[in-house]
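Rule-based calculations on the coordinates, nothing more; no lab input. In this text the structure is predicted, and so the values were computed from the model without any measurement. Cβ coordinates were reconstructed from backbone atoms using ideal geometry, including for glycine residues, and neighbour counts include every protein chain displayed.
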2 protein chains.
Amino acid sequence: MNSDLSSQQVKDIGEQGLLERLQRFCPPEIIGDDAAVLETAPGQSLVVTTDVLVDGVHFSNLTTSPEDAGWRAAAANLSDLAAMGASPLGITVGLGLPGELRVSWVERLYQGMTECLQKYNTPIVGGDIVRSPITTLAITAFGQVNPNQIIRRSAAVVGDAIVVTGVHGASRAGLELLLHPELGQNLKDAERKALILAHQRPQPRLDILPILWKILTPNSCTDAINRVSNSRSLIAGMDSSDGLADAIIQICRASGVSAVLECRQIPVPKTFNHWLPAEQALEYSLYGGEDFELVLCLPQEPALALVQHLGEGAAIVGKITAGSTVLLHDEQKKFPDQVLSLSQGFQHFKSQKL
Amino acid sequence: MNSDLSSQQVKDIGEQGLLERLQRFCPPEIIGDDAAVLETAPGQSLVVTTDVLVDGVHFSNLTTSPEDAGWRAAAANLSDLAAMGASPLGITVGLGLPGELRVSWVERLYQGMTECLQKYNTPIVGGDIVRSPITTLAITAFGQVNPNQIIRRSAAVVGDAIVVTGVHGASRAGLELLLHPELGQNLKDAERKALILAHQRPQPRLDILPILWKILTPNSCTDAINRVSNSRSLIAGMDSSDGLADAIIQICRASGVSAVLECRQIPVPKTFNHWLPAEQALEYSLYGGEDFELVLCLPQEPALALVQHLGEGAAIVGKITAGSTVLLHDEQKKFPDQVLSLSQGFQHFKSQKL
């Protein structure tokens, strides 16, 4: 009986049947009209982001279970909200599915999505299921933000400290271990698993926001007060979904500034120190991508307060300077100074935000 | 030079290049962050709807130019907002594109989308472009609505009049004329063009909403006051994107009521009277779909006021009764009474809303 069910295909139950199966993942009071209705808090701005994921391009049964594909898709969108300073309100899920796809695959995809979403109290509020020759997943996430707390790429100013949360390079290392298990032969089981988990189950850093707002309240920080009173944003930033180098370059471009990064300050997984050559570790951390951490530019005082609060969970990796380049500096002189660019280093095939 | 440009493929300029080309269709102040930020009016609820459209399933170069595909996709989503009583705030567009697709096709798609959106002051606020073996278009539209003015399917009550806007069957007739031009040989050129235009450029009925709210203001209608004071919705309804029969059946299901429709009252294009046999005209009007009109259930008094206001632009086609069936009645006795169901009549392959 169970095996019968697990081999059931989308065409066996049709879009309507699949719809009924998936309704258990959605709040019942929201479903069943032409569109979903959500309450927003007074005075909040709406934040919207969208991602399209295609089978064989953005996920693959070779390295990704349907649960992990679902988790990662949800996490990527929640991370975009976090990067704007926004709290999630809900997501919609558009699915294009071949008739031959197993129903259980779709249910497992939704299982993974909702596991991630539930952690951040975010409902699936609607969607659309259509037939398509190729499995396609289109997610739109929306959230709300206090207009004074919007985190934009364009708000970095000379003198800002650059803070990164978490570690960088773990997701890329996890992907390599999935593709080439032999690379992990010198790793402990727990180390290997931790890196793979970083790839399969990235955590959007919505947890950083309340800490950030607490640190940036006017009473706690004079620099921040000055910034607000000059009607500038409190903070600039984005997420590191496309890599740490990409994030810093994008912020500098949007803000019309330069940055200097200090090699040694970039937090990498501890495992890297005894596993990877220094250059490889640097490559993964700068260009690996999909760590979904936050890269924030803010005045020194609150930057220090944030890092103090987060302990090993964040680091100041450099500073914003005048100009239009991103310079990587190595205090230890292992590497010569180099200007980072998007065409350099690893660039994975990725989606383009409009 | 022009022909060079028009033969350019997506892979020639890449996702980044395409992105730059398409930015002119979007408001510049919104683009360039991890997500778009939009202002919502105080006290308004957020309304969200999403559609996925796949080449060969939902649009085809045989019957639809890229401009029309874009217009229709935008119109369908705006119609979902209108059906909820919501004013549009913006849409996001997710695109999956084969490398071989012409850049000019994508630009023409955006041209058609923005032509429709501009009519309703709605910006494209973001999107995502990815490579895919099949052209796929995922649109999410969001709008806002006064919580007291949400139009739900589930709010119809016994005694309500059923009002439809516009005419039904025109879009289906237009599609038939595109597929089988010989069917139009007895039509005047203007008649044929009008039906084809109804298919290619459907108009979401956002224009109805302000008229509706004016008619339903407490001072103008005692029934409406009673309804509000009983904390019930003012009005029930949905759009007729999947056909008039479908809309009335869905409303009755969601509201736990019956309906009786009067054949003669269903407004069809005037052309039908001298062009189609009565049964064919009825089939098109009930099951044709994609007319994107509104089907509204409201007390007799405001229903009459609405129809009076709209003149030939609306009609009362029946009433809500107790029970759980939708009965089609023919005063002229040309057809026997029949119970309408979704499995009966023409059912086009359509997307399923979650």
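For the stretch A:105-127 versus the stretch B:46-122, the spacing of their alpha-carbon centroids is 26 Å.
The convex hull drawn around the Cα atoms of the stretch A:2-147, when projected onto a plane and averaged over every direction, covers 9.0 nm². Straight-line reach from A:Lys319: taking Cα to Cα under 28 Å and skipping same-chain neighbours fewer than 8 places apart, the lysines in range are A:Lys214, A:Lys270, A:Lys333, A:Lys334, A:Lys350, A:Lys353. Note on the stretch A:151-339: with charges restricted to the Cβ of Lys and Arg (+1) and Asp and Glu (-1), its dipole about the Cα centre is near 400 debye.
Shielding of peptide B:140-147 by partners, expressed as the average count of other chain Cβ atoms within 10 Å per residue Cβ, is 4. Taking amide H as placed 1.01 Å from N in the peptide plane, B:Ala259 has its amide H under 5 Å from the amide H of B:Thr321, B:Thr325, B:Val326, B:Leu327, each at least 5 places away in sequence or on another chain. B:Arg24 label point (Cα plus 7 Å toward Cβ) to equivalent points in the other copies: 5.2 nm, shortest first.
Each copy carries B:Pro147; placing its label point 7 Å along the C-beta direction from Cα gives inter-copy distances of 2.2 nm, listed from smallest up.
Using a 10 Å cut-off around each Cβ, can you sort A:Asp242, B:Asp189 from fewest to most neighbouring Cβ atoms?
With the sparsest Cβ surroundings first, the list reads B:Asp189, A:Asp242.
Which one of A:Ala83, A:Ala173, A:Leu46 has its Cα pushed farthest toward the positive end of the charge dipole of chain A, where Lys and Arg give +1 and Asp and Glu give -1 at the Cβ? The residue sitting farthest along the positive end of the dipole is A:Ala83. Here the dipole of chain A is about 620 debye; that uses its Cα centre as origin and unit charges on the Cβ of Lys and Arg (positive) and Asp and Glu (negative).
In percent, how large is the relative contact order of the stretch A:2-147, given Cα pairs closer than 8 Å and 6 or more residues apart?
Contact order relative to length: 41 percent.
Model label sites at A:Glu29 and B:Phe335, defined 7 Å from Cα along the beta-carbon direction, differ in position by 4.0 nm. Each Cα pair under 8 Å and six or more residues apart adds its separation to the average, and for chain A the resulting relative contact order is 21 percent. Taking every alpha-carbon pair under 8 Å whose residues sit at least 6 apart, the stretch A:151-339 reaches a relative contact order of 41 percent.
Modelled spin labels at A:Glu279 and B:Ser154, positioned 7 Å past Cα toward Cβ, are 6.3 nm from each other. Ranked for footprinting exposure by Cβ neighbours inside 10 Å, fewest first, B:Ser258, A:Ser87, A:Ser285 give B:Ser258, A:Ser87, A:Ser285. Placing +1 on the Cβ of every Lys and Arg and -1 on the Cβ of every Asp and Glu, with no other charges, gives the protein assembly as shown a dipole of roughly 660 debye about its Cα centre. Principal-axis analysis of the Cα atoms of chain B puts helix B:170-179 at an angle of about 50° to the longest axis.
Sequence-distant or interchain residues sharing an amide H contact under 5 Å with A:Ile151, placed H: which? Here A:Gly85 satisfy the definition.
The Stokes-Einstein estimate for the stretch A:151-339, based on a Kirkwood radius over Cα pairs and taken at 25 °C with 0.890 mPa s viscosity, is a diffusion coefficient of 145 µm²/s.
Footprinting exposure proxy ranking of B:Glu182, A:Glu176, fewest other C-beta atoms within 10 angstrom first, gives B:Glu182, A:Glu176. Relative to the dominant Cα principal axis of chain B, helix B:300-310 is inclined by about 50°. Proximity of backbone amide H atoms, modeled 1.01 Å from N, is registered between B:Gln144 and B:Val47, B:Ser87, B:Leu89 at under 5 Å, excluding neighbours fewer than 5 places apart on the same chain. Placing a label point 7 Å from the Cα of B:Gln185 along the Cα-to-Cβ direction, the distances to the matching points in the other copies come to 7.8 nm, shortest first. Compared with the dominant principal axis of the Cα atoms in chain A, helix A:244-255 is inclined by about 70°.
Taking every Cα-Cα distance in the stretch B:50-125 and sorting them into 5 Å bins from zero, the calculated P(r) comes out as 3, 15, 27, 27, 15, 8, 3, 1, 0 percent. Here the label points at B:Asp207 and B:Glu20, each 7 Å from Cα along the C-beta direction, are separated by 4.1 nm in the simple model.
Report the calculated FRET efficiency for A:Asn146 and A:His309 (r = Cβ-Cβ distance, R0 = 30 Å), to the nearest 0.05. Efficiency at R0 = 30 Å is approximately 0.90.
Mean partner shielding of peptide B:121-132, defined as the number of other chain Cβ atoms within 10 Å of each residue Cβ, is 6.
Within 10 Å of the Cβ of each residue in A:94-100, the mean number of Cβ atoms contributed by other protein chains is 4.
Highest-first packing order for the peptide set A:95-106, A:154-165, A:131-142 is A:131-142, A:154-165, A:95-106, based on the mean count of other beta carbon atoms within 10 Å. One quarter of the convex hull surface built on the alpha carbon atoms of chain B amounts to 19.5 nm², the projected area averaged over directions. Between A:Leu183 and A:Lys11, the contour length at 0.36 nm per residue exceeds the alpha carbon distance by 57.9 nm.
With coordinates expressed along the principal axes, the C-alpha atoms belonging to the protein assembly as shown extend over 94, 63, 52 Å, beginning with the largest.
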